[in-house]
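Shown below is the structure under consideration.
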Amino acid sequence: MDIVVRGKNRPVPSRLDAVAREIAARIAKFTHDAGRVEVDFAEQQHRRASEAQLCEITVHLKKHFVKAH
């Protein structure tokens with residue numbers, strides 16, 4: 001399983017990158033056909049301070065994908 005961690009509008013600190021990879025690796029418990037997992041962190045400027053941080057996870061399966069934020 002390939003895990004990609006990216007930051008939109010900001011760099012991802014190494015500690016956050018390591019934690020995101022560790023948590024994304026747990027997806028293998030639930031499915032055997034996950035080929036790629038993308039974790040995207042973003043900071044949005046136009047929202048309230050409590051909602052400015054966003055994390056999206058996309059899991060690419062064989063015939064479809066699952067996306068959560």
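The values are calculated or read from the model by the stated rules, or taken from the named source; none is laboratory data. Worth saying up front: this structure is predicted, and the values here are computed from it rather than measured. Note that we place each Cβ from the backbone using ideal geometry, even for glycine, and neighbour counts take in every protein chain shown. We work out accessible area using only protein heavy atoms, side chains counted, and drop any ligands, DNA or RNA first. Shrake-Rupley method; radii C 1.70, N 1.55, O 1.52, S 1.80 Å.
Give me the 1.4 Å probe accessible area per residue for the chain, excluding ligands and nucleic acids, in Å².
Value returned for the chain: 77 Å² of accessible area per residue.
With the full set of protein chains in place, find how many percent of the accessible area of the chain is carbon and sulfur; take the probe as 1.4 Å. Present the calculation step by step, with values, prior to reporting the outcome.
On the way: 2850 of 5280 Å².
Answer for the chain is 54 percent, counting heavy atoms of protein chains only.
Before rounding to the nearest 500, sum -39500 (n - 2.57) across all DSSP H runs of length at least 4 in the chain and divide by the residue total; then give [θ] at 222 nm in deg cm²/dmol.
Mean residue ellipticity at 222 nm (helix-derived): -5500 deg cm²/dmol.
Okay, next question. Each residue of segment 27-32 in turn: what ³J(HN,Hα) in whole Hz from Karplus with 6.51, -1.76, 1.60 and θ = phi - 60°, glycine and Pro shown as x?
The phi angles translate into 4, 4, 5, 9, 8, 9 Hz.
Quick one: putting +1 on the C-beta of Lys and Arg, -1 on the C-beta of Asp and Glu, what dipole do you get for the chain around its Cα centre, in Debye to the nearest 20?
With Lys and Arg at +1 and Asp and Glu at -1, about 80 debye.
From the backbone phi of segment 12-17, what are the Karplus-calculated ³J(HN,Hα) couplings (6.51 cos²θ - 1.76 cosθ + 1.60, θ = phi - 60°) in whole Hz, Gly and Pro given as x?
9, x, 4, 5, 5, 4
Please state, to two decimals, what the Cα-based radius of gyration of the chain comes to when divided by 2.2 N^0.38 Å (N = residues).
With N residues counted in the chain, Rg over 2.2 N^0.38 Å equals 1.18.
With every protein chain kept in the model, how would you rank Asp40, Asp2, Asp17 by accessible area, 1.4 Å probe, largest at the top?
Final ranking, largest accessible area leading: Asp2, Asp17, Asp40.
Near Lys29, which lysines are there with a Cα under 23 Å away, not counting those fewer than 8 places off in the same chain?
Correct list for Lys29: Lys62, Lys63, Lys67.
Okay, moving on. Whole-Hz Karplus ³J(HN,Hα) for segment 56-69, in order, using 6.51 cos²θ - 1.76 cosθ + 1.60 and θ = phi - 60°, x for Gly and Pro?
Here the 3J(HN,Hα) series is 10, 10, 10, 10, 8, 9, 5, 10, 7, 9, 10, 10, 9, 9 Hz.
Turning to a different aspect of this structure: Would you mind checking which residues have amide H under 5 Å from Arg36's amide H? H placed 1.01 Å from N; only 5 or more apart, or other chain.
Hits under the 5 Å cutoff: Asp2, His60.
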